[in-house]
Amino acid sequence: MNKLIFGGLAAVLALQSLYAADTKEEPVGLILSAGSGKVLRANTETPLAARAGDILFSGDDLKVADTPTSFLFCPAKTSQTLASGEVVLEAKQLKLKAGKLTRLSR
């Protein structure tokens, strides 16, 4: 089932990258359950409420206050949950600024 999820996500991200070919942002993930998550897009100052289905891009900052947020991180082919804290999504890795990430079992 995870192969199906990641395969479908890869197709969506490939189409998204074609659409956003003129920008520096590279799609790297997908919000599965938003909780209290907020996404701060690269080079912006206003965080947006995360929603299930939101595509995450390289350079995005995900902040969670009290209700966990789960997301796929495609470069590592993992599902992660951030209970509270902050993580920056980079092109090849996650950079935890505060809190704790929990990797969901495959």
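Summary table below
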item: Accessible area, probe 1.4 Å, largest first, for residues GLU25, GLU86; result: GLU25, GLU86
item: THR67 versus ALA42: modelled label distance in nm, points set 7 Å from Cα along the beta carbon direction; result: 3.0 nm
item: Peptides ranked, highest mean first, by Cβ atoms within 10 Å: ranges 88-99, 48-59; result: 48-59, 88-99
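The values are calculated or read from the model by the stated rules, or taken from the named source; none is laboratory data. If you're wondering where the values come from, they're calculated on a predicted model, not measured in any experiment. Cβ sites come from the backbone with ideal geometry, for glycine too, and all protein chains shown count toward neighbours. Side chains are part of the model used for accessible areas, which takes the heavy atoms of the whole protein and leaves out ligands, DNA and RNA. Shrake-Rupley method; radii C 1.70, N 1.55, O 1.52, S 1.80 Å.
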